[in-house]
Each structure stands twice: as C-alpha cells, then as structure tokens.
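Scroll down for the structure; my scribbles are underneath it.
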Amino acid sequence: MLILAVNPGSTSTKMAVFEDEKPMVLRSISHSPEELSQFDDVIEQLDYRKQLILKELERMNVDLAFDAVIGRGGLVKPIAGGVYEINQLMLDDTHSGIAMHNHACNLGCLIAYEIAKNIPHCRSFIADPGVVDELNDYARISGSPLMNRICIWHALNQRAIARRFASEIGKKYEDLNLIICHLGGGISVAAHDHGRAVDANNALDGEGPFSPERAGSLPAADLIRLCFSGKYTEKQLLKRIAGKAGLNAHLGTNSAMEIERRISEGDKHAELILNAMIYHVAKNIVAEAAVLFGKVDAILLTGGMARSEYIISRLRQRIDFIAPTYCFPGEDELEALALNALDVLRGKREVSIYE
C-alpha cells in the first residue's frame, strides 16, 4: 500500500510517503512569514500548499499512485477518536467556519481530499483530530452553566505514543491506564482510561498549564476586567491567549533551548519563568491521577520539549511518585497518520463516518 501523509502547521507543511509501514520520503516544506502574508485566512492557503506538495513529489519522482492520502484533522465539531473518511459534510464544516479557530491544521482534510480525488481508487482520511472528545460526564461540567468544558489536545500523537508504549511492554492500549503529556508549542495533558481519553485540557484556547505559546488557565475575573479595559481589541486579547502568551509573552521567545541558554548564562528571570511552567505542567499531570483513582500504569511524556533534559528531569522530580515515567521525545504524527490509514486499508480497523 502506498500512502501519502500530510501535516500542515503554522510555518511548515510536513509530508511523508509510506510503502506499507516503511517511510520512503519524509519532507518538511517551510513557509516564511512573507510567503504567508499574502493570505488573509488560513483556508486561502489551500491551493498554495497543495501545489508545493505536488511539486515536491514530482521533484522526487514519486508517482501519484497512492492508495490513500491522509491529512491531519482540523478543529471541526467534537467527535470520537478514530479514522474518518473525508466526506462532503467535513469539507463543508471546515470551509464554513464551524472549525473553531483559524488554524493550519484545518487544511489537513482539504489538502488530502484535493490530492486524492484526482487519483483513481485513492481514498482520503483524517485520524484522531485535536477535537476528539471522549470526556466523562464530570469532565464536561465547569463552574458556570453558561460554559461547558471542551478539550482541544494532541490526540493523534498521544494515541500513537500510547499504542507504541503498550506494544513495547507486550500489552494493548485498551488494557492500560495512562497519563500522557504532550510538551509542544501547546501543552496537553490527558487521562487515558483503557483506550479512552476521559479527561483532557483545552490546550489551544486557555486551559491547563501555560506553554511556550499559550497562556493556559488564567484568573477569570482579571481576564474579564482586561476585556472591558478598552486597552485591547478582541483580536489582540485572543493573541494573549494563544500566540503571544506563555514563555513567548514572558521572555520574548518560544524556544526552550534559547531560554535554557539564558539560564546557563545566569538569567534568573528566565529560570523562574521556565521552572514555573514545569511546576504547572507537573501539577496538571498529578491532577489527572485523581481522574484514574490513582490507578496509573505509566506516565508518558512526549512532544518537542521532551528532548530537554532540563525540563524532563525537573518534571520527574514532581511526578515520579505516581507511576513510572517514560519519555518519547518528538512527534510521530506522520507515521501515526500513515499507520492509521494502513489499518483501514487492510481491514484491521473500521472507518468512522463524520456526521
């Protein structure tokens, strides 16, 4: 089986060609701010990014003979986890704005569909998008009946890491209780109860620990007062939640490596802020143990910042008392996408219908 996997991000489009489980091509196409400035909206980047992928495939002499094209899922309405065949309703919802944010991941299903539709017998999918919602009833309730809790999290990578860990210890993901923390530009923490993520934070929109680019949970009354202060527009304040927030707001950079360099040179303020982020991440991880009644088989740490010995060692000091902690640095999202598509093509998993 030949599969094309596509993962659009804010400043790059990652792509991979797999022959069965074997990666044949891995590429990351960078997009400069100048290139993206010509577009008023992320959805307008569709043809631009699709053409770059097609040109890259042509440059590498890859024939367009795919059995499936699978894209990163977008921020459409909440759905259960699984592999979804792209249908017209999903395309309509993505174009119409039901997708809750102007985020590059919304391009995933559109690009996959546009490429696949011109290839005979080629199917198009998404898998485990960030809006996967398997929360238990308690998790949905907030302190105000005006607002239910929702989750936007790194479902694809967390599930891929969970299955990888389970395989390594000779078990199934569905047999385990896990707490998984994705440490990236956003940070998501989820409690996985025998194959279902029953509690997870909204890692994009203002909940959980602060991260390199996101504010996490904020004092609600202070935020309301700031909204009515007249000092900021709605757009500016939303940037203070996701984008110009977290480490970026405090220290002017979203790079943990840069901050660690400053710390090594004696910058005490940088040390305070990074250690505060670690503190809040640990606090959120420990809170998920209560969701699982303390019965936790393992804690899994993943994402780009999981490469940092500084961050991981300090996290371990605060969370190792709960359960054994394992580290899976980086992201396996392209491989996860391809393997999800392969399982459907081989009949090992049923495809879900977006409705």
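Here's a check for you: in the stretch 1-17, which residue that is open to solvent by 70 Å² or more (accessible area, probe 1.4 Å) and in contact with a Ser or Thr (Cβ under 8 Å, 6 or more places away or on another chain) is nearest to residue 54 (Cα to Cα)?
Filtering first and then ranking leaves 14.
Spot the failing condition for residue 245; the list is (1) in contact with a strand residue (DSSP E or B) (Cβ under 7 Å, 6 or more places away or on another chain); (2) open to solvent by 10 Å² or more (accessible area, probe 1.4 Å); (3) of a type outside the set (Asp, Glu); (4) more than 21 Å from residue 290 (Cβ to Cβ), and only one is missed.
(2)
Any chance you could count how many residues in the stretch 185-200 are open to solvent by 10 Å² or more (accessible area, probe 1.4 Å) and not in a strand (DSSP E or B)?
3
Determine whether the stretch 259-280 contains at least one residue that is within 18 Å of the chain's Cα centre (by Cα) and in a helix (DSSP H, G or I). First the steps, then the outcome.
We begin by selecting, within the stretch 259-280, every residue within 18 Å of the chain's Cα centre (by Cα); these are none.
No, the stretch 259-280 contains no residue that is within 18 Å of the chain's Cα centre (by Cα) and in a helix (DSSP H, G or I).
For (1) over 25 Å from residue 25 (Cα atoms); (2) in contact with a strand residue (DSSP E or B) (Cβ under 9 Å, 6 or more places away or on another chain); (3) in contact (Cβ under 8 Å) with a residue 60 or more places away in the chain, each residue gets a yes or a no:
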{"position": "312", "(1), (2), (3)": "yes, yes, no"}
{"position": "325", "(1), (2), (3)": "yes, yes, no"}
{"position": "333", "(1), (2), (3)": "no, yes, yes"}
{"position": "338", "(1), (2), (3)": "no, yes, yes"}
{"position": "344", "(1), (2), (3)": "no, yes, yes"}
{"position": "347", "(1), (2), (3)": "no, no, no"}
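So which residues in the stretch 308-355 are under 20 Å from residue 183 (Cβ atoms), out of contact with any Leu (no Cβ under 6 Å at 6 or more places or on another chain) and of a type in the set (Asp, Glu), if there are any at all?
Correct list: 309, 320, 331, 332, 335.
List every residue pair whose Cβ atoms lie under 7 Å apart, where the two residues are 6 or more positions apart in sequence or sit on different chains, the first residue falls within the stretch 276-299 and is under 13 Å from residue 176 (Cα atoms) and of a type outside the set (A, V, I, L, M, F, W, C), and the second residue, located anywhere, is open to solvent by less than 60 Å² (accessible area, probe 1.4 Å) and in a loop (DSSP other than H, G, I, E, B).
297/176; 297/323
Kindly provide the set of residues from the stretch 229-242 that are in a loop (DSSP other than H, G, I, E, B) and either surrounded by fewer than 10 Cβ atoms within 10 Å (Cβ to Cβ) or in contact (Cβ under 8 Å) with a residue 40 or more places away in the chain (or both), ordered by number.
Scanning the stretch 229-242 gives 229, 230, 231, 233.
Answer with yes or no whether residue 226 is over 23 Å from residue 129 (Cβ atoms), open to solvent by less than 30 Å² (accessible area, probe 1.4 Å) and not polar (S, T, N, Q).
Spelling it out, it is not the case that residue 226 is over 23 Å from residue 129 (Cβ atoms), open to solvent by less than 30 Å² (accessible area, probe 1.4 Å) and not polar (S, T, N, Q).
Please give the helices (runs of 4 or more DSSP H) falling wholly within the stretch 18-99 in which 2 or more residues are open to solvent by 10 Å² or more (accessible area, probe 1.4 Å) and farther than 27 Å from residue 121 by Cα.
Fully inside the stretch 18-99 and qualifying: 33-36.
Would you check if residue 259 is buried (at least 19 other Cβ atoms within 10 Å of the Cβ) and β-branched (Val, Ile, Thr)?
Answer is yes for this residue.
Can you tell me which of 304, 330 is open to solvent by less than 30 Å² (accessible area, probe 1.4 Å) and under 17 Å from the mean Cα position of the chain (by Cα)?
330
Within the stretch 36-53, take every residue that is modelled with pLDDT of 95 or more and among the hydrophobic types (A, V, I, L, M, F, W, C) and give me the one that is nearest to residue 103 (Cα to Cα).
Across the stretch 36-53, the extreme among qualifying residues is 46.
Exactly one of these conditions fails for residue 299: (1) β-branched (Val, Ile, Thr); (2) assigned to a helix (DSSP H, G or I); (3) open to solvent by less than 40 Å² (accessible area, probe 1.4 Å). Give me its number.
Single failed check for residue 299: (2).
Based on this model, can you work out whether residue 170 counts as farther than 21 Å from residue 319 by Cβ and assigned to a loop (DSSP other than H, G, I, E, B)?
When the stated conditions are applied, residue 170 passes them.
Give 127, 112 a once-over and let me know the one that is in contact (Cβ under 8 Å) with a residue 24 or more places away in the chain and touching a Ser or Thr at 6+ places or on another chain (Cβ under 6 Å).
One residue alone meets the criteria, 112.
In this structure, is residue 214 free of Cβ contacts under 8 Å to residues at least 40 places away in the same chain, open to solvent by 10 Å² or more (accessible area, probe 1.4 Å) and touching a strand residue (DSSP E or B) at 6+ places or on another chain (Cβ under 9 Å)?
The answer is yes for residue 214.
The values are calculated or read from the model by the stated rules, or taken from the named source; none is laboratory data. Here the structure is a predicted model, which is why all the values come from computation and not from measurement. Don't worry about glycine lacking a Cβ; one is built from the backbone with ideal geometry, like all the others, and counts go over all protein chains shown. What goes into the accessible areas is simple: the full protein's heavy atoms, side chains included, and nothing from ligands, DNA or RNA. Shrake-Rupley method; radii C 1.70, N 1.55, O 1.52, S 1.80 Å.
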